[in-house]
Amino acid sequence: MTAVLCPICKRPAEPKFRPFCSKRCADVDLARWFTGAYAIPGAPVDEDEDVPPAEEEPAMHFALLAKIAARNGLAKLSMGMSGDFETAIRFGATSVRVGQALFGARAKL
Ligand SMILES: [Zn+2]
């Protein structure tokens, strides 16, 4: 069996801090997670692709999502935004995104 090396400093890992060698290196790793240093850039997000069409009543979309979530045994259901979160909650949303209600509209780029 090969020795596990600390992913931060490459010294041998200590069982107490595995896979790290020390609390310091474990903390360095945690800090990298918190600061987003490990983030993998993804495709640009199309902000309109995961929200109901503006010209349609969101309730039917929320109802469908709730049905799909229930069918798949999901305990959590994130849907609804500042403009329609009350409807989303009525249809079972457990998380809503209300950034605009809290912070105002984002500046257009
Ligand atoms: Zn280390």
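Are any of the residues in the stretch 31-40 in the same structural domain as LYS10 (by TED's automatic domain parsing), more than 16 Å from the chain's Cα centre (by Cα) and surrounded by 11 or more Cβ atoms within 10 Å (Cβ to Cβ)? Scanning the stretch 31-40 turns up at least one residue that is in the same structural domain as LYS10 (by TED's automatic domain parsing), more than 16 Å from the chain's Cα centre (by Cα) and surrounded by 11 or more Cβ atoms within 10 Å (Cβ to Cβ). Candidates ARG97, ARG106, ARG32, ARG71: the one that is within 30 Å of THR2 (Cβ to Cβ) and not hydrophobic (A, V, I, L, M, F, W, C) is ARG32.
The values are calculated or read from the model by the stated rules, or taken from the named source; none is laboratory data. A quick note: this is a predicted structure, and the numbers were derived from the prediction, not measured. Neighbour counts are summed over all protein chains in view; Cβ atoms, including those assigned to glycine, are modelled from backbone coordinates with ideal geometry.
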